[in-house]
């Protein structure tokens, strides 16, 4: 027998949509308000420009999402980005683009493996381990470069330029840039890995309750280890795009990126406690980050106005999330 | 002086055990002593290292991270964290130097301190009232307060127009830099507060087992408010002192200080999961870092090695801690 839809259940359903997809609703509202209040906002060029601007941050955030859902943090991605970008740019002229990319891949994966071993197998506190690695990798970057900035000499004559500067489709004034494609492509691949494979389900299980997942026969240590490898791979991808785009690098290029990445992930609604979240949420969180910034700039505010807005929004987003879980607005 | 344990040891062998454990829990002081010996004997540094001037210099360099680390110890024993201290430093210093001509030197400095305390208190209030993890609350504040610095300064540095301001930063009391005296004085006061007052006991109680602390009648909200306010004020003070030493404030002052401070506190034996830690350990952590920087500088080792060694030490302390205390607890962020 068909159940009769009462007004109450309709309201119930709305409430559950708001609870589960609150960020998405807020994001759509934000876009609508911004398109009405800002002239040049809702143009294809502008929207593509924003996605391009956040593509590197977003690429890294995709990898860190695995670590966070697995119940850990990765504060080392900023320094890792510095190291990888400096290496790929510096080695480009010395050993050629492809070897440079491969060496950088190996180095970032080793750094990720160190994180993964310490947090996964030795079960050390991830915040401190990756804080330590932040310092180690920043030091390694400076030792590698001797403190000097690096750049690629012949910038117009290398296929390496494709990752950061390439265009896939160019129609009129609409460009689909390679960084955007790489970011969204990696999002799709990692989204499938996280949400459609057994490995992905295990990441959620370990992040939700590591001890219980161990008792149910999951090799929690190995899964945590893998999440750090994925995070490192995402940093590698981000470094290739960044190095290719700038064709040079400062030694501290990734400083504070670890926290911006986390801010984007949190904005998307993924809990730092682990066990919940999604790739789509991270993409939305990063896009919110980018669109707020873009909207404020178009309105004539200085770039740092977005930091003030982010302050408010991060706390509000997480507050509403925890409040809906406990059923009360205030904790105390 | 050792980190406190919430539970009372029951076994008979506890005495020796406790002693070994307390040493194991504060390996940082063994490290500090080893550093002192090493740099005093090492050819190349022994000519310069163990002089009063250099040791006082190390103490002076320890002041800025140290003062914040003292406050952070309380907050971290509470099982909370504050990432916004570097931004608070910059805001307080900018206000204190920038408003000198309008308000006068002392009122401007007091305003800087008050703003720092207020923002610290705001962090504590939001953390308690909303139930959002302090890591997230202060991550937001770190970005937002840095934004406030840029709004106020318009990305400009300020120079102290009143010479008395910079003179204070250079001044000495009985041959010891005034700034270092302030650091040591605050360390002593806060050590006494942590070990000998009700507030200190509550700090361990709230971090060790918050529900139990609530049941025992600790007013957790007020307690957290006090510790976060104190940390904000100390971060502001550190910013003021650094600006007196430089005779100026810069909008980027204190960037990544939060990471240095947390590193020092953790090296000192305070656990992120709360309930453990001490001021003595934190002072050891701060000194350990600064002696290393100073000694390696004298050895003319590239300064970049310090970053590598510090990070490795941080992880080594964690491994050591795990080995000596067994499995350990898994905190929310573990």
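Sort segment B:207-334 into rounded, prolate or oblate with this rule: let a ≥ b ≥ c be the square roots of the eigenvalues of the Cα gyration tensor; rounded if a/c is under 1.5, and if a/c is not under 1.5, prolate when a/b is larger than b/c, oblate otherwise. Here segment B:207-334 falls in the oblate category.
Residue ranges B:180-189, B:141-150, B:246-255, B:213-222 sort as B:141-150, B:246-255, B:180-189, B:213-222 when ordered by packing (mean number of other C-beta atoms within 10 Å per residue, highest first). At full extension, residue B:222 and residue B:111 could sit 37.6 nm farther apart than now, given 0.36 nm per residue minus the alpha carbon distance.
Volume per residue for segment B:37-333 equals 141 cubic angstrom (convex hull of Cα atoms). Place a point 7 Å from the Cα of residue A:122 along the Cα-to-Cβ direction; which residues of segment A:67-91 have their backbone N under 19 Å from it? Output list for this probe position: A:72-77, A:80.
Our note on the geometry: Cα centres of segment B:66-91 and segment A:19-53, 36 Å apart.
With both labels modelled 7 Å from their Cα along Cα-to-Cβ, the residue A:303 to residue A:102 distance reads 3.7 nm. In plain terms, the chain from residue B:199 to residue B:297 could stretch by 31.3 nm, reckoned as 0.36 nm per residue minus the Cα-Cα distance.
Counting Cβ atoms of other protein chains within 10 Å of each Cβ in A:118-129 and taking the mean gives 5.
Ranked by how many other Cβ atoms sit within 10 Å of their own Cβ, fewest first, the residues A:319, B:305, A:159 fall in the order A:159, B:305, A:319. Note: relative contact order over segment A:66-174, using C-alpha pairs below 8 Å and six or more positions apart, is 37 percent. For the pair segment A:265-326 / segment A:105-125, the C-alpha centres are spaced 28 Å from each other. Counts of other chain beta carbons within 10 angstrom of each beta carbon in peptide A:254-265 average 2. Taking other Cβ atoms within 10 Å as a rough exposure proxy, A:134, A:273 sort from fewest to most as A:273, A:134. Sorting B:280, A:136, A:89, A:235 by the number of Cβ atoms found within 10 Å of their own Cβ, with the fewest placed first, yields B:280, A:136, A:89, A:235. The alpha carbon gyration tensor of the protein assembly as shown gives principal lengths a ≥ b ≥ c with a/c below 1.5, which makes the shape rounded. Full extension of the segment from residue B:185 to residue B:34, taken as 0.36 nm per residue of separation minus the current Cα-Cα distance, would add 51.8 nm. Evaluate the relative contact order of chain B (contact order divided by residue number), counting alpha-carbon pairs under 8 angstrom at least 6 apart; express in whole percent. This gives 33 percent for chain B. Does chain A classify as rounded, prolate or oblate by the C-alpha gyration tensor (a ≥ b ≥ c root eigenvalues; a/c under 1.5 gives rounded; else a/b over b/c gives prolate, otherwise oblate)? Verdict is oblate for chain A. Over segment B:114-273, Cα pairs under 8 Å with separation of 6+ residues give a relative contact order of 42 percent. Round to the nearest 0.05 the FRET efficiency obtained for residue A:20 and residue A:273 when R0 = 25 Å and r is the Cβ-Cβ distance. For R0 = 25 Å, the calculated efficiency reads 0.90.
Annotation for segment B:98-163 versus segment B:204-283: alpha-carbon center distance of 16 Å.
Take each residue of peptide B:305-314, count the partner chain Cβ atoms within 10 Å of its Cβ, and average: the result is 6.
The listed peptides A:46-54, B:268-276, B:73-81, ordered by packing as a protection proxy, come out as B:73-81, B:268-276, A:46-54 (highest mean of other Cβ atoms within 10 Å first).
Quick note: the coordinates plus some simple rules give every number you see, no bench work behind them. It should be emphasised that the depicted structure is a prediction, and the values quoted were computed from it without experimental measurement. Ideal geometry is used to build each Cβ from the backbone, glycine not excepted, and the neighbour counts take in all protein chains shown.
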